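See below for the structure under consideration.
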Amino acid sequence: MTYPIAKPIAIAIFSTFLLAGCGEKSADHTNSAAVNTVKATVITVSTSDTAITANSPATIVAEQQAQIASRIMGFIREINVEIGQKISAGQRLFRIDPSDIQGQVSQAGAGLAQAKAALADAKNDYERFGTLYKEEAIPKAQWDKVRLQYQIAQQQFAAAQAGLGTAGAQMNYASPTAPFAGVVTQKLANVGDLAAPGRPILVIENPGKLQAQTQVPENIFSHLKVGTPVTLHVDSSDTDITGKVAYLVPAADPMTHTFLVKIALPEGHGLQSGMFVQAGFALGSGTGLRIPASAVLERAGITGVFVVDKQGVAHYRMVRAGDTSNGMTAIQAGLNSGEQIVTSNTNNLQTGDKVVNTGAGNV
C-alpha cells in the first residue's frame, strides 16, 4: 500500500538531483562565458631610491591686489569698468553723486570769501592804527587790540583756505581712480547703490605679479627656507612648474596650526589667479615605490591600481598614493615590490578580467 506513494517520492528526488546538476553546469558555463579579456600593458614594480616629497594644495594669487572703496557716502552714478576688463593706472573706475560735496565746496568757498574780506579790513586797521601808534596818537592797549584782531583774521583766512582745500579733495574722492594697472576681478556694487566709506565697490589685481600660497604643517615648514625649490603640479597639465619659496610666515595659524608659505613663480608660468595647484616640497630621499601615474585610478571614491595575479587575472586593490611628478606617482602603502600592475587601458578593466600583456617591463 505504501509503494505507490514511495514511487512518486523517488521520482521527485531523482528529478531534483537532475535539475541541480543541470543548473550547476549552466552556472559554470555562464561564468566561463562572462570572463572578459582585455589587452593592456603590465609591468612589474620594484623599489628604488626616490625623493621624499610632501604635497600641499596651493592657490595662485596676485601679489598686488586692491579693494577700491569710496571715502564718501553717496549714490553710485557710474561704474566705468566691468569684470575682466584691463585698466591702466589713474583710470577712473566709478563716480559717486557729488551733490553733497558740491554743497560743501560752495559753503567752504563762501567762508573763504568772508574770511578774505575780514582779513583785508583787519589789515587796513592794522596799518592805519600802526601809524597812529608810532605817532603816539593812540594808547598801547588800543594798538594791541587792533594787532590781535589782525592776527585772528589771518588765522581765520588760513582755516577757510584749508576748509576749501578739504572740500575740494572730497570732490576728487567722488571719482576714484586705479592705483595701478591691472584687471578688475570683482564688482561688488551696482549703479544706484549707496556707497559708504570703507565698503568695497571693486577689486582689482595685477596679473603680472602672481604667486602661489599654501599652508603647511610644522614638519614641512621646518625644512624650508627662502629660495628652496618647489614643484607645482597642475592637474590640467602634464608638465610641472618649478617655483621657489619667496617668503615664510613664522607665525602659525592659531586654528589650523599651519604656516603660510609664499612661492615665487618662474617667468612664462602660464598660470592664472585663482587656480589650484599641488605644491611639492622635497624633504630628502629614501627607498620606495614609484609607478606610472596612468596606473593609478579612482573607483567608487577609492584610489587603487589593478594588480595582475599569476593566472593573469586583474584585481582592483586600494593603495595610498603620494606625490605625482614627471608622470610617476609614489605609492606609500598597498603595493609590494615584485607585483605586477596594469598601466594602460584601465578604464575598460574590471576585477576578474583576464589581462593580455601588450608590453613588458619593470619600473
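The values are calculated or read from the model by the stated rules, or taken from the named source; none is laboratory data. On a predicted model such as this, the values are computed, not experimentally measured, just so you know. As a convention, Cβ positions derive from the backbone with ideal geometry for all residues, glycine included, and neighbour counts pool all protein chains shown.
Any residue at all in the range 42-62 that's outside the structural domain of Q278 (by TED's automatic domain parsing), under 59 Å from the mean Cα position of the chain (by Cα), at pLDDT 70 or above and not in a strand (DSSP E or B)? Yes. One residue stands out in the range 98-136 among those that are among the aliphatic types (A, V, I, L, M) and at pLDDT below 85: the one that is farthest from A159 (Cα to Cα), namely I101. Checking the range 122-129 against the condition returns no match, with no residue being surrounded by 12 or more Cβ atoms within 10 Å (Cβ to Cβ) and closer than 12 Å to A160 by Cα. Taking the range 305-359 as the region of interest, the strands (runs of 3 or more DSSP E) fully inside it that hold 1 or more residues being surrounded by 13 or more Cβ atoms within 10 Å (Cβ to Cβ) and aromatic (F, W, Y) are 314-318. Counting residues in the range 241-264 that are touching a residue at least 40 places away in the same chain (Cβ under 8 Å), among the small types (G, A, S) and surrounded by 12 or more Cβ atoms within 10 Å (Cβ to Cβ) gives one or more. The residues in the range 310-363 that are among the β-branched types (V, I, T), in the same structural domain as A293 (by TED's automatic domain parsing) and within 24 Å of D235 (Cα to Cα) can be counted, and the count is 8.
Rundown of residues vs (1) surrounded by fewer than 18 Cβ atoms within 10 Å (Cβ to Cβ); (2) without any contact (Cβ under 8 Å) to a residue 12 or more places away in the chain, yes/no style:
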residue: P139; (1), (2): yes, yes
residue: Q151; (1), (2): yes, yes
residue: M171; (1), (2): yes, no
residue: V183; (1), (2): no, no
residue: V191; (1), (2): yes, no
residue: V203; (1), (2): no, no
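The number of residues in the range 214-239 being surrounded by fewer than 17 Cβ atoms within 10 Å (Cβ to Cβ) and under 20 Å from the mean Cα position of the chain (by Cα) comes to 4.
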